[in-house]
Amino acid sequence: MTTQCLLKAESSLTISKRRRRSAIARGYRSGLEDAVSRQIEDAGLIVCYEQDQITYVWPERASKYTPDFRLPKADGATFYVETKGRFTVEDRQKHLLIREQHGDAYDIRFVFSNQNAKLYKGSPTSYAQWCEQHGFAYAHKTIPEEWLTEGEKES
């Protein structure tokens, strides 16, 4: 391919494709994961990306879930931040199964690229409404500052 063709091909990439390529180059699967990791870094925290696995049983088979990010709580415990562009029925079932099987042992919170997106075409329920109905904390596009500072020790 000539240099001119390469330049044209590169310029025809959408911003989201460039962002995804950049994210993949940094070790993430999506631009949202990359953006959230940078936010964690900017807050002066250590990025713990996909470090832990939570076991659960998907009916009739054992499964493992690897949360995106682990962040500290003030009491020394941790919570997990899961970034979602699409929140599929499989994702929703998985998180309900984890909650059912582990109770409150894991604090899993969501950061959605669009919290107002509907669960499926024509659904009256948004991602945010689903989280509220099922008791999951969530945020739109970025981690709320209070989540990032939650692990700071009080003086």
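The values are calculated or read from the model by the stated rules, or taken from the named source; none is laboratory data. Being a predicted model, the structure only gives us computed values, none of them experimental. Counting neighbours? That spans all protein chains shown, and the Cβs are built from the backbone with ideal geometry, glycine included.
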*Select from region 38-57 the residues that are in contact with an Asp or Glu (Cβ under 9 Å, 6 or more places away or on another chain) and not in a loop (DSSP other than H, G, I, E, B) and write down the one among them that is nearest to Ala139 (Cα to Cα).*
Tyr49
*Inspect all residues belonging to region 75-90 and state whether any of them is under 16 Å from the mean Cα position of the chain (by Cα) and of a type in the set (A, V, I, L, M).*
yes
*Got a sec? Which strands (runs of 3 or more DSSP E) wholly within region 66-155 have at least 2 residues that are among the β-branched types (Val, Ile, Thr) and crowded, with 18+ Cβ neighbours inside 10 Å?*
78-84, 108-112
*Please find, among Asp104, Asp91, the residue that is under 25 Å from Ala62 (Cβ atoms) and at pLDDT below 95.*
Asp104
*Which numbered condition Asp42 fails, given (1) exposed (fewer than 12 other Cβ atoms within 10 Å of the Cβ); (2) farther than 21 Å from Gly85 by Cβ; (3) at pLDDT below 95*: (3)
